[in-house]
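Engineer: Can you read through this structure? Questions will come right after.
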C-alpha cells in the first residue's frame, strides 16, 4: 500500500495485470502502460503499489514513468488531443492549428479545459506526414487540418459528449 499522502485509487483494478506480469522480468513498462489504460494516467499510489508488487522501489517506477513521454502523471480530459509538431506538420501550419485550438479552448499545451473535456498535448511526430497537419484524438486521426477544420472537429466532439 502507498506510504504517501496521495490519491486513493481502486488498486483492485490492477490485480489481473499484476497477477500476469509482476513476476515477469522486464515487464515494468508493460505494467505501467496497462495501469495507464486503466486509470487514464499514473496516480502516485498506483506507482507505489506497482513497485511493491514487482519488488522494486517507488523511485525506480517513477524514474521509468517520467523518462518515457508516453506516460502521464496527471489526469487528462475525456478527449486527449495530440497535435503533431513534426517537420511536415510544422511546414504545413501546425502552429496555426495550435493557436486556434488554444484560443478556442482557453488552454495551452499540457493543460485541460475546466470542464475536463479536452487536454492538448503537442507531440514530436504522429507518423502521418502525408496527412499534415494532423492531430489524433483518442486514437482517431484527423488530417489535412486548417484552423477552422480543427475547431469543427472539437465542436463535434463537444456536441457528442453532451448527447
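Engineer: Kindly indicate whether residue 38 is in a helix (DSSP H, G or I), touching a helix residue (DSSP H, G or I) at 6+ places or on another chain (Cβ under 6 Å) and in the same structural domain as residue 141 (by TED's automatic domain parsing).
Structural biologist: Answer is no for this residue.
Engineer: Would you confirm, using the coordinates I've provided, whether residue 66 is more than 21 Å from the chain's Cα centre (by Cα) and either part of a loop (DSSP other than H, G, I, E, B) or free of Cβ contacts under 8 Å to residues at least 40 places away in the same chain (or both)?
Structural biologist: It is false that residue 66 is more than 21 Å from the chain's Cα centre (by Cα) and either part of a loop (DSSP other than H, G, I, E, B) or free of Cβ contacts under 8 Å to residues at least 40 places away in the same chain (or both).
Engineer: Here is a further query. Residue by residue through segment 125-149, note down the ones that are free of Cβ contacts under 8 Å to residues at least 40 places away in the same chain, assigned to a strand (DSSP E or B) and in contact with a strand residue (DSSP E or B) (Cβ under 9 Å, 6 or more places away or on another chain).
Structural biologist: Within segment 125-149, 141, 142 meet the criteria.
Engineer: I've got another one for you. In the same structural domain as residue 153 (by TED's automatic domain parsing), touching a helix residue (DSSP H, G or I) at 6+ places or on another chain (Cβ under 8 Å), without any contact (Cβ under 8 Å) to a residue 60 or more places away in the chain and part of a loop (DSSP other than H, G, I, E, B): which single residue out of 109, 115 fits that description?
Structural biologist: 109
Engineer: Next question, about the same structure. Could you tell me which of the residues 31, 38 is under 18 Å from the mean Cα position of the chain (by Cα), more than 22 Å from residue 119 (Cβ to Cβ) and free of Cβ contacts under 8 Å to residues at least 60 places away in the same chain?
Structural biologist: So the residue among 31, 38 that is under 18 Å from the mean Cα position of the chain (by Cα), more than 22 Å from residue 119 (Cβ to Cβ) and free of Cβ contacts under 8 Å to residues at least 60 places away in the same chain is 31.
Engineer: Only one of 76, 24 is outside any helix (DSSP H, G or I), out of contact with any helix residue (DSSP H, G or I) (no Cβ under 7 Å at 6 or more places or on another chain) and surrounded by 16 or more Cβ atoms within 10 Å (Cβ to Cβ). Can you tell me which?
Structural biologist: Details: 24 fails: surrounded by 16 or more Cβ atoms within 10 Å (Cβ to Cβ).
Sole residue among the options that is outside any helix (DSSP H, G or I), out of contact with any helix residue (DSSP H, G or I) (no Cβ under 7 Å at 6 or more places or on another chain) and surrounded by 16 or more Cβ atoms within 10 Å (Cβ to Cβ): 76.
The values are calculated or read from the model by the stated rules, or taken from the named source; none is laboratory data. Predicted model only: the values in this text are computed from it and were never measured. Ideal geometry is used to build each Cβ from the backbone, glycine not excepted, and the neighbour counts take in all protein chains shown.
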